[in-house]
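Single-structure report; data block below.
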Amino acid sequence: MIGGHGTVDGAILLDKDGTLVDDEPFNVEPSRIRLAPGAEQALSEFASLRWPVAVVSNQPGVAFGYFDEASLHAVRVHLARVMARFGVDFAGFFYCAHHPQGRDAAYRMTCACRKPAPGLLQAAARHIGVPLSSCWMIGDILDDVEAGNVAGCHTILVDCGNETVWQRGAHRTPDHTVASIDAAARIIAAHATDVALANAGRPS
């Protein structure tokens, strides 16, 4: 993690490449990072919701030697600036630098943080201070969905063409499938509204 929040009703756990930003493999140059289609609208929706947003991302380029781990600091700074521009409560950049076939022995491992394992999501929720059952995981491939389902989150697949294998499994079915991240944001906002109305109707 590169990143306490008070009591919050929920949180957004957001994949980076292909979901929040355009998928440019192994890019750590902030000037080349571009928001994905619908991301501006989604970030505005998240800001209105006032839930923390954490980015959870596999970054195997470190393990393969394409860039060093220190390069991810500039990525975190860029993400924080983008989130601030839209008024989003940025909860941090949580990444996994490992890969079981990595060239760098220090990062060559099977770990608990590389999605589809749930470690990054668990760390983000712990940092925010919100139960995983109140979190929404949004990603563009089924590994993101599996990580979210195993962790106990609500899950949304942004089916923008980046999932090409479609390997199914017990934890690889999303709660919702949408074409862009702004549609995912609208689903979450509607759910939050429904929950708030239901809670308002309960006797005190």
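The values are calculated or read from the model by the stated rules, or taken from the named source; none is laboratory data. Quick caveat, the model's predicted, so the values are computed rather than measured. Cβ sites come from the backbone with ideal geometry, for glycine too, and all protein chains shown count toward neighbours. The area values use the complete protein model at the heavy-atom level, side chains included, leaving out ligands, DNA and RNA. Shrake-Rupley method; radii C 1.70, N 1.55, O 1.52, S 1.80 Å.
In µm²/s, what is D for region 31-148 at 20 °C and 1.002 mPa s, where D = kT/(6 pi eta Rh) by Stokes-Einstein and Rh is the Kirkwood radius from Cα pairs?
141
With the simple model of a label 7 Å out from the Cα in the direction of the Cβ, A74 to T193 spans 4.2 nm. Under the combined filter of DSSP loop state and at most 10 neighbouring Cβ atoms within 10 Å, region 88-181 retains these trypsin sites (Lys or Arg not before Pro): R168. Each label point was placed 7 Å from the Cα along the Cα-to-Cβ direction; for A183 and F64 their separation is 2.9 nm. DSSP beta bridges confined to the chain are antiparallel in about 10 percent of cases. Average accessible surface for region 1-97: 42 Å² per residue, computed with a 1.4 Å probe over protein heavy atoms with every protein chain in place. For region 175-188, 3J(HN,Hα) computed residue by residue from phi via the Karplus equation (6.51, -1.76, 1.60; θ = phi - 60°) reads 5, 9, 10, 9, 8, 7, 5, 5, 5, 4, 4, 5, 4, 5 Hz, glycine and proline entered as x. A full extension of the chain between D175 and E29 corresponds to an added length of 49.2 nm, given 0.36 nm per residue minus the alpha carbon distance. Applied to region 137-147, the Karplus parametrisation 6.51 cos²θ - 1.76 cosθ + 1.60 on θ = phi - 60° returns per-residue 3J(HN,Hα) values of 9, 10, x, 9, 9, 6, 4, 5, 4, 4, 4 Hz, with x for Gly and Pro.
Of the accessible area of the chain, computed with a 1.4 Å probe over protein heavy atoms only, carbon and sulfur atoms account for 50 percent. About its Cα centre, the chain has a charge dipole of approximately 440 debye under the convention of +1 per Lys or Arg Cβ and -1 per Asp or Glu Cβ, with nothing else charged. In terms of overall dimensions, the C-alpha atoms belonging to the chain reach 59, 38, 31 Å along their principal axes, ordered largest to smallest.
The helix-based estimate of mean residue ellipticity at 222 nm for the chain, built from -39,500 (n - 2.57) per DSSP H run of four or more residues and divided by its residue count, is -10000 deg cm²/dmol to the nearest 500.
Available extension along the chain between A105 and R81 is 5.3 nm, counting 0.36 nm per residue and deducting the alpha carbon span. Our coupling estimate for region 82-88, obtained by passing each phi through the Karplus curve with A = 6.51, B = -1.76, C = 1.60 and θ = phi - 60°, is 4, 4, 4, 4, 9, x, 7 Hz, Gly and Pro reported as x.
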